[in-house]
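The structure appears below as structure tokens.
The values are calculated or read from the model by the stated rules, or taken from the named source; none is laboratory data. Owing to the predicted nature of the structure, the values given are computational and were not obtained by experimental measurement. Note that we place each Cβ from the backbone using ideal geometry, even for glycine, and neighbour counts take in every protein chain shown.
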Amino acid sequence: GNSVTQMEGPVTLSEEAFLTINCTYTATGYPSLFWYVQYPGEGLQLLLKATKADDKGSNKGFEATYRKETTSFHLEKGSVQVSDSAVYFCALWPWDTGRRALTFGSGTRLQVQP
Amino acid sequence: DSGVTQTPKHLITATGQRVTLRCSPRSGDLSVYWYQQSLDQGLQFLIQYYNGEERAKGNILERFSAQQFPDLHSELNLSSLELGDSALYFCASNSWGITGSGANVLTFGAGSRLTVL
């Protein structure tokens, strides 16, 4: 079946540090890949997405590249801010016509200190 | 505001009881998805409805059921509640349904936090 594996958190960084959150997936074919962010007390918000191999999704300074050869979709940001503190979820939407729903990773909590 | 409305925001009840969670999808969206977020299980897909019909089922317990009404709002019914059912329940919607191709973006509500004592 489909699955997503994320690095465990929490990840604690100082403001302006470089961020990488690793995400790998297991799925058949060519799933679509997503990063969602959950701020404290809120629902999940789409951060970025990529629909095919080598696509780069980007938003608010965050980037992730769909790597088919390594089945990865790592999230990066060059300079984090305190306001980026949240839980980040990697997710996939299956390519096949079976159960079509987002499968999420376990989430990675990011804490950015001033 | 995402456009997906969930009520109630918080609910405290006792074991053995039954509760109903309500979701109104974003305007124009025909599909509704229910997810459960708990500390030990993470985000688990429960069930999907498309234009009133059940289309996909995930890890939904037999004690749980859902439906989508003609006005497209959906309700998740949780019965014979156990302590382990305490969680955040999210509703999400999109406009593609199972016939959509390519990327499917879900818009999430703020969630209903259920506490079972």
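Observations, loosely collected:
- Residue B:76 vs. criteria buried (at least 19 other Cβ atoms within 10 Å of the Cβ), in a strand (DSSP E or B) and under 14 Å from the mean Cα position of the chain (by Cα): yes
- Among the numbered conditions (1) within 14 Å of another protein chain (Cβ to nearest Cβ); (2) free of Cβ contacts under 8 Å to residues at least 24 places away in the same chain; (3) among the hydrophobic types (A, V, I, L, M, F, W, C), the only one that residue B:21 does not meet is (2).
- Some residue of the stretch A:64-85 being facing chain B (nearest Cβ under 8 Å), within 11 Å of residue A:21 (Cβ to Cβ) and not polar (S, T, N, Q): no
- Top-ranked residue in the stretch B:22-36 [being of a type in the set (S, T, N, Q) and at pLDDT 95 or above; ranked as nearest to the chain's Cα centre (by Cα)]: B:36
- Among (1) touching a residue at least 60 places away in the same chain (Cβ under 8 Å); (2) surrounded by fewer than 13 Cβ atoms within 10 Å (Cβ to Cβ), the one test that residue B:116 misses: (2)
- Any hit, the stretch B:59-79, residues being closer than 30 Å to residue A:29 by Cα, within 14 Å of chain A (Cβ to nearest Cβ) and at pLDDT below 95: yes
- Number of positions in the stretch A:63-83 that are closer than 26 Å to residue B:40 by Cβ and out of contact with any Phe, Trp or Tyr (no Cβ under 8 Å at 6 or more places or on another chain): 1
- Among the candidates A:102, A:19, residue that is crowded, with 22+ Cβ neighbours inside 10 Å, touching a residue at least 40 places away in the same chain (Cβ under 8 Å) and within 28 Å of residue B:38 (Cα to Cα): A:102
Condition check ((1) assigned to a loop (DSSP other than H, G, I, E, B); (2) within 14 Å of chain B (Cβ to nearest Cβ); (3) closer than 18 Å to residue B:43 by Cα) across all residues:
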site: A:24; (1), (2), (3): no, no, yes
site: A:33; (1), (2), (3): no, yes, yes
site: A:48; (1), (2), (3): no, yes, no
site: A:57; (1), (2), (3): no, yes, no
site: A:91; (1), (2), (3): no, yes, yes
site: A:111; (1), (2), (3): no, no, no
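- For residue B:113, the stated conditions hold: it is over 27 Å from residue A:31 (Cβ atoms), within 14 Å of another protein chain (Cβ to nearest Cβ) and out of contact with any Asp or Glu (no Cβ under 6 Å at 6 or more places or on another chain).
- Residue within the stretch B:39-49 that is under 30 Å from residue A:31 (Cβ atoms), away from chain A (no Cβ under 11 Å) and surrounded by 15 or more Cβ atoms within 10 Å (Cβ to Cβ) present: yes
- Unique match (being modelled with pLDDT of 95 or more and in contact with a His (Cβ under 7 Å, 6 or more places away or on another chain)) among A:20, A:24: A:20
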